[in-house]
Amino acid sequence: MDRIRIVGGVPLNGSIRISGAKNAALKLMAASLLTDQTLTLSNLPHLADITTLIHLLQEHGVAVVMNGAEGDEGHVGRVLSLKAADIASTTAPYDIVRKMRASILVLGPLVARCGTARVSLPGGCAIGPRPVDLHLQGLEALGAEITLADGYVDASAPRGLTGATVRFPFVSVGATENLLMAATLAKGETVLENAAREPEVADLAHCLQAMGADIGGIGTDRLVIQGKPALHGADYRVMPDRIEIGTYAAAAGITGGTLELQGAEAEHLGAVIEVMERAGLEIAETGTAAKPALTVSRPGKVIGTDVTTQPYPGFPTDMQAQIMALMSVADGASTIVETIFENRYMHVPELIRMGADITVSGSTAVVRGVPALKGAPVMATDLRASVSLVLAGLVAEGETLISRVYHLDRGYERIEDKLAACGARIERLKG
Ligand code: UD1
């Protein structure tokens, strides 16, 4: 298993090209199951999770063709064509689904198009129990019959799905997306209330519109979908990864350097920018309309700042670990409250090994800033936890050796190359 070695203490300076959003790309790829025509997606990030979903879609009979790549120097977004002319199998097997929880996103499209689907219950990041009950209840409301047996979800709607009003008891990104896709092929009108407003949901809705779907209320918590008998092919470009933007902004902040994040827009980062500015970072829009960019620097000290994770437009849970790394070297204390996931503090013991002063009680972490972190051998436990260890390693004195970096590879494209190009002493140790 690969490891990453970092020798900290270098302020990062330079430019980083932001990749396409993993959490948008995965849903857009699943949407290819809704039509027998070709869906061509550009600006796809090169990540292990994307490869996992390609394998799953191929299992269902989707012809996946890499049409090469587009982009400028130092960054190449991939272009993928996906054509689900015939669905060869409606079963999503455990061996693939266990690698990535987002695999559950094939359930809605398959049952909507084929009237049947069998999907293994998902695995993915080890952050809390993470059930899929909202996905299943929503599909039942659209007329699917759901049974659970042998670790699989069986969904059946032999006469097709029928539109209905679904009110989610709390916000779920994945359940909103699964139901949104299913509703595009259901008979009549579906209303999704208390829907997730995450920008990745809007990206999916816009792609579905390009495929012929009729969707109102995009970007709000009430989506209204008029079902269509069929969707058609489309070309669609994946949005930039707002979590990658936030992560590299934190890298500039924690090391005290200046990074230009090419392709980054402030639009979807309101809460993150607000917290980072309170923490002493400066974030400026420095690009043009055609070539957007954000430049991030830290003129003074990192200032202890309280953060509570919330559904969008609140502060994203996927940035909680990174902000905690930043707060661990702040002047003063901060309180971090995680409201979305249970058990999303697995980075805490590792940060403590590096000298951080963090106390967790339930969903609240109190971080007392220390003057310096010290490099140590640490273990990645999930995607965002592992990148927080990279951030800590960048500022720590001496050597940090991170094991189990396959978690990082699920969500960060060429992270060691991007950081090394800005001066970080970081390398991947193979094996
Ligand atoms: C997506 C993102 C993930 C992000 C999360 C919240 C992808 C691939 N992943 O995950 O990176 O951290 O949104 O922004 O896009 N829940 C239930 N029952 C359900 C569904 C969810 O109880 O049926 C709970 C979850 O356990 C969690 C909360 O609802 O506590 C929110 O989860 P959800 O928004 O569904 O996250 P994902 O879509 O899995």
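Of note:
- Matching residues, region 192-212, being closer than 21 Å to ILE104 by Cα, open to solvent by 10 Å² or more (accessible area, probe 1.4 Å) and either aromatic (Phe, Trp, Tyr) or free of Cβ contacts under 8 Å to residues at least 60 places away in the same chain (or both): GLU193, ASN194, ALA202, HIS206
Listed here are the residues, each with its yes/no results for (1) in contact with a Lys or Arg (Cβ under 8 Å, 6 or more places away or on another chain); (2) closer than 26 Å to ASN23 by Cβ.
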site	(1), (2)
GLU265	no, yes
MET276	no, yes
GLY280	yes, no
THR286	no, yes
LYS291	no, yes
GLY300	no, no
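- Every residue from region 159-176 that is of a type in the set (A, V, I, L, M) and more than 16 Å from the ligand (Cβ to nearest atom): LEU161, ALA164
- Residue check for SER361: within 25 Å of the chain's Cα centre (by Cα) and either within 22 Å of THR255 (Cα to Cα) or not charged (D, E, K, R) (or both): no
- Entirely in region 186-235, the strands (runs of 3 or more DSSP E) that have 2 or more residues that are charged (D, E, K, R): 189-193
- For region 268-306, filtered to residues that are of a type in the set (Val, Ile, Thr) and part of a loop (DSSP other than H, G, I, E, B), the residue that is most open to solvent (accessible area, probe 1.4 Å) is THR288.
- Residue within region 128-151 that is open to solvent by less than 40 Å² (accessible area, probe 1.4 Å), in contact with a Pro (Cβ under 6 Å, 6 or more places away or on another chain) and either among the polar types (S, T, N, Q) or near the ligand (Cβ under 9 Å from one of its atoms) (or both) present: no
- Strands (runs of 3 or more DSSP E) wholly inside region 1-110 containing at least 1 residues that are in contact (Cβ under 8 Å) with a residue 40 or more places away in the chain: 3-7, 13-17, 38-44, 77-83
The values are calculated or read from the model by the stated rules, or taken from the named source; none is laboratory data. Keep in mind that what you see is a predicted model, and the values were worked out from it rather than measured. Cβ atoms come from the backbone with ideal geometry, glycine included; neighbour counts cover every protein chain shown. Just the protein is used for accessible areas: all its heavy atoms, side chains included, with ligands, DNA and RNA removed. Shrake-Rupley method; radii C 1.70, N 1.55, O 1.52, S 1.80 Å.
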